[in-house]
Amino acid sequence: MIFYNAQKKRTLFIVMTEQKLVIYNTLTRQKEDFKPINPPFVGLYVCGPTVYSDVHLGNARTFVSFDMIYRYLVHLGYKVRYVRNITDAGHLEGDRDEGDDKFAKKAKLEQLEPMEIVQKYTNGFHEVMREMNTLPPSIEPTATGHICEQIEMVKKILAKGYAYEINGTVYFDVEKYNKEFPYGQLTNRKLEELLEGTRELSGQDEKKGRLDFALWIKAKPETLMQWPSPWGPGFPGWHIECSAMSSKYLGDTFDIHGGGMDLQATHHTNEIAQSQACNHTAPVNYWMHTNMLTVNGVRMSKTAGNGFLPGELFTGNHPLLDKGYAPMAVRFFMMQTHYGSTLDFSNEALQASEKGYAKLMNAMKTVDSLKASATSTSNIKELQQNCYDAMNDDFNAPIVVANLFEGVRIINSVNDGKETITADDLALLKTTMQDFVYDVLGLKSENSNTANDKALQGVMEMILSIRKDAKQNKDFATSDKIRKELEAIGIQIKDSKEKTEWSF
Ligand SMILES: [Zn+2]
């Protein structure tokens, strides 16, 4: 991503030192000044998808949110190593080591090799990420590609006395760990409270403690994905991969770890315990979590039957959706809620976002044709700083969007001749809009430069030219008919002295 910055004419490193970024840290439950361990470098790890089914919308929201966070850090001039893993082994149905292996079960169902399942859903995930205009991470490591690192880490945790082996499976000893380190610190809960919420061990359980979790799981002879280990053939537990891969690529302690808030209580809590037990240092300085999704105010879930996939949202192919929404309208919709707040989907809200996104993109075109004057009626410097202030306050994208609409208002007023802008302010306005709309929020003009877009442009030019001729011939019936019929299909036209413009 250094190349991304190198393309910029301005030296963004200066921006980084000027702007004071504050991040809400889940671990301390407060906003803290962002101080990277080794500036200008920043280590960012985000838990990626488990690729045994289509990526769901909650995950897509998490990755779009962290894409915006990554983009802003890069924009400020930080050299970010962004690691987002692919979980392609070791994830059982229950987060506490119960149930079948998700990949093996799907492989049987679809009659494919487990690695075909992995490839199929990895491809699908990448396609959704591309449609939503997320930047690829710097490293996208897989669990199956890091079995050796995971075995090494389990060996170290065993050697330090925080784990035990029973019959080929290695468990993390939570109660022993908790004597030295607070196990439930990420969710601010004491061990006694956590124990109360866990079922009693039965005679069939091998593990010693109710909260103990598997670091390495013994394979059955029929297990499809298994590897040799010092404890016999098996596969890694789900949590160990993130500890092993984050420390390999970002060090024993790194800056930011993110994920969905559903990962906080078990997966991230166990990641902290594993890393702390292995390295005797806290692995992460800032923990960040994205909030959940609701549909018409009800939590989105498989059991509620109200969960749609990103692909269904784009095509409208779901009973709860009136129509399909372009990926950029969806991304814009996501940016209008803070990443730490619940995001509520409804047809009304999506349609409002679609209109807002179109208005924003029209203004991005109009700004290029504005003419400068001797004086400015608006304070553009203040507008730019308001955008930075919002992002510096824990990446508050919705406030940025509100400020960008102030920019849209200024652009349209100057275009209509109601306000004026100096050449310097116009350059600053363009930079501010481009920086925040494209670079930081990660929006782009939908379908721009496609064959369809060019054809539409040509057809509209022809229609407007016919209308112009009709008006010149005083054939107002025809010119009005064209205007009204375009309006009926959602295209507005606006006449000014010099030209006629059209927009959705
Ligand atoms: Zn993880």
May I ask you to say which residue of Thr294, Thr266, Thr281 is part of a loop (DSSP other than H, G, I, E, B) and not basic (Lys, Arg)?
Thr281
Go through (1) exposed (fewer than 15 other Cβ atoms within 10 Å of the Cβ); (2) in contact with a Cys (Cβ under 6 Å, 6 or more places away or on another chain) and name the single condition Ile166 misses.
(2)
Would you check if there is a residue in the stretch 25-45 being within 15 Å of the ligand (Cβ to nearest atom), out of contact with any Ser or Thr (no Cβ under 8 Å at 6 or more places or on another chain) and β-branched (Val, Ile, Thr)?
yes
Among the residues of the stretch 118-149 satisfying the criterion of being more than 17 Å from the chain's Cα centre (by Cα) and hydrophobic (A, V, I, L, M, F, W, C), which is farthest from Val64 (Cα to Cα)?
Cys148
Of the candidates Ser202, Ser243, Ser229, the one satisfying the condition of being within 16 Å of the ligand (Cβ to nearest atom) and hydroxyl-bearing (Ser, Thr, Tyr) is Ser243
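Table: residues versus (1) at pLDDT 95 or above; (2) of a type outside the set (Gly, Ala, Ser); (3) assigned by TED's automatic domain parsing to the domain that holds Asn362; (4) under 18 Å from Met68 (Cα atoms).
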{"position": "Gln384", "(1), (2), (3), (4)": "yes, yes, yes, yes"}
{"position": "Ile399", "(1), (2), (3), (4)": "yes, yes, yes, yes"}
{"position": "Leu428", "(1), (2), (3), (4)": "yes, yes, yes, no"}
{"position": "Gln457", "(1), (2), (3), (4)": "no, yes, no, no"}
Out of Thr294, Thr290, I need the residue that is polar (S, T, N, Q), within 20 Å of the chain's Cα centre (by Cα), within 16 Å of the ligand (Cβ to nearest atom) and within 27 Å of Leu443 (Cβ to Cβ). Which one?
Thr290
Among the candidates Leu186, Leu194, Leu158, single out the residue that is in contact with an Asp or Glu (Cβ under 8 Å, 6 or more places away or on another chain) and either surrounded by fewer than 13 Cβ atoms within 10 Å (Cβ to Cβ) or not in a strand (DSSP E or B) (or both).
Leu158
If you go through the stretch 197-241, how many residues are buried (at least 21 other Cβ atoms within 10 Å of the Cβ) and not in a loop (DSSP other than H, G, I, E, B)?
12
Flag if Lys248 is more than 12 Å from the ligand (Cβ to nearest atom), at pLDDT 95 or above and either surrounded by fewer than 24 Cβ atoms within 10 Å (Cβ to Cβ) or of a type in the set (Gly, Ala, Ser) (or both):
yes
Unique residue being of a type outside the set (Ser, Thr, Tyr), buried (at least 23 other Cβ atoms within 10 Å of the Cβ) and under 30 Å from Val22 (Cα atoms) when the list is His257, His267, His280
His257
Only one of Glu501, Glu485 is modelled with pLDDT under 85 and either outside the structural domain of Asp368 (by TED's automatic domain parsing) or among the acidic types (Asp, Glu) (or both), namely Glu501
From the option list Ser373, Ser378, Ser341, Ser353, single residue qualifying as under 30 Å from Ile23 (Cα atoms) and not in a helix (DSSP H, G or I) is Ser341
Suppose we keep only residues that are touching a helix residue (DSSP H, G or I) at 6+ places or on another chain (Cβ under 6 Å) and under 27 Å from Cys148 (Cβ atoms) within the stretch 51-85. Which one would you say is nearest to the ligand (Cβ to nearest atom)?
Asn85
Of the conditions (1) surrounded by fewer than 20 Cβ atoms within 10 Å (Cβ to Cβ); (2) in contact (Cβ under 8 Å) with a residue 12 or more places away in the chain; (3) more than 16 Å from the ligand (Cβ to nearest atom), the single one that Asp262 does not satisfy is (3)
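The values are calculated or read from the model by the stated rules, or taken from the named source; none is laboratory data. The shown structure was predicted, so the numbers you read here are calculated from the model rather than taken from an experiment. Heads up, the Cβs are rebuilt from the backbone with ideal geometry, glycines too, and the neighbour counts pull from every protein chain shown.
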